[in-house]
Amino acid sequence: MNFTSKQIWIFITSITFFATLIYIDFTFAKSNYLNSKNEELERHFNSFLSFRKNVSDLLIENIINNPQTKELMNKVKTDPNNREKYRKELEELFTKKYEYLKSKGFDYFHFQDTKGNSFLRFQKTYKYDDSLIKDRVSISKIIKEKKSISGLETGTSVQKYRYIYPIFYENSYVGSVEISTSLSQLLKKLDFQLNENYLFITKKTIIDKMLNEDSKKEQYFDSLIDGYYINKEFDKNNFSDIDLKELGPSLSYKLQSDKSFSLMTINGFSTSTIYSFLPVKNINNEIEGYLISQEETNGINQLIRTQIFSFLSLALLILGGISIYRHLQKRNDENKKIFEQYKTIMDQSVIVSKTDPKGIITYVNNQFCKISGYSKEELIGKSHNIIRHNDSTIPFFRQMWKTILAKKIWQGVIKNRSKDGKDYYVQSTIAPILNEKNEIIEFIALREDVTDFIVKKNIFKYEKNRINNLFNHINEILIIKKDDKFEQISQKFFNIFPFDNLQEFNLQHHYISELFISKEGYLENIKSDKWIQDAINTPNKINKALIKDKNGDLKTFWIKVQKVPYEKTYYYLFTLTDISLLLNDSNIKNNISDKNIVSSHKNLEEENKSKNINLFSKIKEDLKLPDEVIINLVDKFITSSEDSLIKMRDLIKDNKIEESKILVHNIKGSASTLRFQEISVIAALIESELEENNIENTLENIKKIEQLLNNIKDYRENK
């Protein structure tokens, strides 16, 4: 096959042009991806620090407000001759408290006097009365400002996140108290929660001001990154600055900006490593150094593969076009044969369609018919909306049309629906075809089926969020079934139902539904798992089931089901939430023919009273926090929930459903954490009703939550 010089020039020019477009698109896509990773690190870290600050405030509140604390610290100020006596009294008062603080991750508990001298270090009770002013900016600040201070501070021996609070006696400043956690321990907790590797590099200028050469060698590594140290407390087995060496000169240049950024290295065809850098300020509002996260991902590699595919598709299209044009100048029969060969190749590898300028389909290939489920006769002459999915928004397609009508190439992932109702995703490249007058005569779209990738990505994201939240709902019944066997069942199941252990249950039952009592509106008693798929496909639907407990009483459960991939198989996760007290089920037992099931049903009001009697003891048992902390949490929950419900009514009135769903989701999470299960379940019902735009039921359930909050307030005031 011989090409003329003009045809070769056109091919090279076209390939260069489209390669440039693809490279520019990839550059922007890569930049956006790295920016998103950097924003994700900043969001996670700030959220983690905010949570730690809230925990610190709760734990320290009863210390600084304790009358004995205030009186002892005032005596230290007014009677300096008996400091040793007051130190021992303070140590005896809070020794147990120090053990509790350590269990919550605060290994440093320290009282200071009004002059900035150490009065009592619980971690080193033998060391006291040394001046902290010289080496501790935080101590100088709290003496001057007399307000609580928190943040990172590098000391002569360790880098810590410190939380320091002033102590007042009759409005007079009498000293301060500090709890803190070493930076290395803090990052280990962050690493445990997010399953990533973290490292902190500290500016040499900060350390050089604090330590002499011997102390620096004892506590810090000389980093491969010029101008930074690494504290020896950090575990360098999995991640160290050696990993950063291959990033090259661009790393040192970016570090000088004191701004957040992300860099990447490509490990191979399937994975890349993303390094995100977040500048961290100290208590003195200076940049102390950088928090670095390391994440293995295939996101960049997927972008590269997508661009390669786009380039090859365009190159093939251009080359094929030139080939077809050249052979059309020769013999028509030979050109037709080559065109059919080209068309066959495209049909086997790429999903292709063409439309006129109004979006009416003029051509589809076999791959298009195969994935959509429609025949060519059903598609030709119809609008592309025939395969449009309801989830695809108008603004999405408006932007797409704006791009291609501007005679530009549009690329992106589109969610479609086939003729039989199945969802599928395609990576699409849509290009306008222009005539000699630069007018659009048609559009051609090349697509790649990426359904498996998108579905697996969505399932993983969904299941990760669901599994992470399981421990916040541990009061519910959890059941895991893999293949045809129940693998694990939470203990609460055996506390309620007449089975002693998992082995006994497996011997008697193969299906959860065998426990159900059949009744209209409830899940049926069947020896089958056919109902499970419907429960998975409608996660917001309230699937209710009647089950008889070990006392013969009927209980109503909300059953949620998740299907989780596991190696080459999968398992089902069932969550059973007792909603008996939230439903008017007083006539259920009268409608069931089996007389042996009928038993006495306790009055709902009496059960609520019984629950209120042990309200705080249940929270204390589960959360294992002091009474004053629990009371503080409950009070904050009541105030926050009441404000949210007021806002919800206004938002619903203005038809702002999505904002309302955020508020009720927060109420549900907080109620579950504090073991207010009735409120949590009603909040879940409201979420479902907002999804269905059932405003009347939503407002009724808001009233129910308000009544439950009032009941808690009444009990709180009487306690």
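So the values come out like this:
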read-out	value
Matching residues, segment 160-209, being of a type in the set (A, V, I, L, M) and farther than 30 Å from Tyr86 by Cβ	Leu183, Leu186, Leu187, Leu190, Leu194, Leu199, Ile201, Ile206, Ile207
Set Leu101, Leu41, Leu21, Leu93: member being under 36 Å from the mean Cα position of the chain (by Cα), in contact (Cβ under 8 Å) with a residue 24 or more places away in the chain and either assigned by TED's automatic domain parsing to the domain that holds Phe168 or not in a helix (DSSP H, G or I) (or both)	Leu101
Pairs, first at pLDDT 80 or above in segment 291-308, second of a type in the set (A, V, I, L, M), C-beta under 7 Å, six or more apart	Leu291/Leu278; Leu291/Val280; Ile292/Leu199; Ile292/Ile201; Ser293/Leu41; Glu295/Ile274; Thr297/Ile274
Test result for Ile517, over 35 Å from the mean Cα position of the chain (by Cα) and within 26 Å of Gln677 (Cα to Cα)	yes
Filter pass, Phe499 being at pLDDT 90 or above, under 18 Å from Ile559 (Cβ atoms) and among the hydrophobic types (A, V, I, L, M, F, W, C)	yes
Condition met for Gln488 (surrounded by fewer than 17 Cβ atoms within 10 Å (Cβ to Cβ), at pLDDT 85 or above, of a type outside the set (Val, Ile, Thr) and assigned to a helix (DSSP H, G or I))	no
Segment 37-64, subset among the polar types (S, T, N, Q) and surrounded by 13 or more Cβ atoms within 10 Å (Cβ to Cβ), residue nearest to Phe309 (Cα to Cα)	Asn38
Residue satisfying condition, being out of contact with any Ser or Thr (no Cβ under 6 Å at 6 or more places or on another chain), basic (Lys, Arg), surrounded by 14 or more Cβ atoms within 10 Å (Cβ to Cβ) and modelled with pLDDT under 85, within set Lys245, Lys216	Lys216
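The values are calculated or read from the model by the stated rules, or taken from the named source; none is laboratory data. Only a predicted model underlies this, so the values are computations on that prediction, with no experimental measurement involved. Neighbour counts run over all protein chains shown; Cβ positions are idealised from the backbone, glycine included.
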